[in-house]
1. Two decimals, Cα atoms only, Kirkwood Rh: what is Rg/Rh over the stretch 404-507?
2. Taking θ = phi - 60°, what integer Hz values does the Karplus form 6.51 cos²θ - 1.76 cosθ + 1.60 yield along the stretch 172-177, in sequence order, with x for Gly and Pro?
3. Between K54 and Q73, what length in nm is gained on full extension when 0.36 nm per residue of separation is reduced by their alpha carbon distance?
4. How big is the stretch 62-123 on each of its three principal axes, counting only the C-alpha atoms and giving the largest first in Å?
5. How big, on average over all directions, is the shadow cast by the Cα convex hull of the stretch 134-198, in nm²?
6. With +1 on the Cβ of every Lys and Arg and -1 on the Cβ of every Asp and Glu, and nothing else charged, how large is the dipole of the stretch 81-397 about its Cα centre, in debye rounded to the nearest 20?
7. Can you pull the three principal axis extents for the Cα set of the stretch 81-397, in Å, largest first?
8. Taking amide H positions as placed in the peptide plane 1.01 Å from N, state which residues far from Y198 in sequence (5 or more) or on other chains have amide H under 5 Å from it.
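The values are calculated or read from the model by the stated rules, or taken from the named source; none is laboratory data. Every value quoted in this text rests on a predicted model; they were computed, and no experiment measured them. Quick reminder, even Gly has a Cβ in these numbers, built from the backbone with ideal geometry, and neighbours come from all protein chains shown. Ligands, DNA and RNA are excluded from the accessible area calculation, which covers all protein heavy atoms including side chains. Shrake-Rupley method; radii C 1.70, N 1.55, O 1.52, S 1.80 Å.
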Amino acid sequence: MLNPCAGAGNGQVRGHQRVPSDTKEFHEATKRDALMRLKKDLDHLLETVEDSRKNGVQKEMCGFEALYHRFLQEDGPSVEWDRIEKLPEGAVKDYSTLKLPQEAHIRDMLDKLVVVKLNGGLGTSMGCHGPKSVIPVRNDLTFLDLTVQQIEHLNKKYNANVPLVLMNSFNTDVDTEKVIRKYKGFQVQIYTFNQSCYPRISRDSLLPIAKDFDIENDIDAWYPPGHGDFYQSFQNSGLLRKFIEEGREYCFLSNIDNLGATVDIKILNRLIGDDRQGDKPIEFVMEVTDKTRADVKGGTLINYENKLRLLEIAQVPKEHVDDFKSVKTFKFFNTNNIWARLESIERVLNAKTMNMEIIVNNKTLDNGMRVIQLETAVGAAMKCFDGGIGINVPRSRFLPVKKTSDLLLVMSNLYSLKYGSLVMSPQRMFPTTPLVKLGDNHFSKVKEFLSRFANIPDLIELDHLTVSGDVTFGRGVSLRGTVIIIANHGDRIDIPAGAILENKIVSGNMRILDH
């Protein structure tokens, strides 16, 4: 019988004592049983793996077993609210205090950098098939096109060799490998590796629902376990050691759908350039930005047990959720732009001290089965490193495209495109982006969203836009201030070509028909 993780959590498993004295004892007994049964199930699953893949899969299942064991052990909230302390002075640096490096040093600094993009997500929530990274976002260029352009521009401008690493999932790897062939002639080396593939657990039995390792034939039984899996999968792929041996020192990691997450020379200079301070290297940087009322659910930085760490809304006790959402109490939120020292990642992994909070994601499958996914977040590793800091960056470094409302902004004249990077128009009088809410029924899928605009309206002077119902926009429309357009159920509103709407509410029914 295979047991690749012999000893993983065994210290906590005791004999089958059955003393039904109270609820706690009952739960302890069921947990012990669950871990033993899981080990058996994993052994059976591993017997179905072809020999060529066995080593890699065993490593992944060790990671899963360790996560599962922690899931069983952890009771109650991971953070005691009253023990959260105020952020120490200097824990979050202001971006404006960072210095630009001397031009002569930039190439050497870039050659010590690796850029990693989290590329495991699908475009299904926006009505698209395949990886989200291949959705066109601007001038028919995809997230991946723009990323490659950005890094190629850096490499050409400074004669550097910054590699691009894509962390795929089993959902995106095949399509991504096909797409990246077209970048062969570009001045950027592209590497890929897959994050882990873990079995979903039945909420009733607490056991994997998969019967074998034929993932493609039973795709609902498996899931990618969140971006916190990056560290272990990066090491398992061999790329972490390879880059360390090449003399590279830091990785810059971000979501591929965050179009603001470009390589920042000032931050790099703080880490390894002439702006570096003190003898000890900074091991971990989390880019945060000022929280607005639109970001109240975003994770924030706290000081806890004398360490900076990420606090997510899922970790907050119900009675303190309003405190968590307060813009006054928690001023910053996490952009998920992370800079981490490669040797420090390796040290923490080898010491087995990487313990990120577990996110228990409850799902119901199409067949009605209730399952659990155990996940972790990449920023939650911050507490495992020494000398971590936050950097309060401009909002322009956080430009995620999660919905078509975000797509409307990045496709508009608010931005121009420069070497794959989006730059806000100098005509915009203030640095914040407009708040846009588009109705799900008519605008949530990319194809339908695009069919409702003859072209994207002028948004330079827009503060707030709400659109609900069956609404279409003619060519050359300009939206300014606060604009609310609501078509009643069964009605339709056509905004005519050339219309200028400034601080207007449009409701009811307005049809423009061809004569």
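1. On the way: Rg = 13.3 Å, Rh = 13.9 Å.
Reported Rg/Rh (Cα atoms, Kirkwood Rh): 0.96.
2. Using θ = phi - 60°, the values come out as 10, 5, 5, 5, 5, 4 Hz.
3. On the way: separation 19, 0.36 × 19 = 6.84 nm, distance 2.83 nm.
Gain on stretching K54 to Q73: 4.0 nm.
4. Between the extreme Cα coordinates on each principal axis of the stretch 62-123 lie 53, 35, 27 Å.
5. Details: hull surface 19.2 nm².
The directionally averaged projection comes out at 4.8 nm².
6. Working: 42 positive and 43 negative charges, 118 e Å.
It comes to approximately 560 debye.
7. Each principal axis gives a Cα extent; for the stretch 81-397 these are 60, 55, 42 Å.
8. Placed amide hydrogens put Y223 under 5 Å from Y198.
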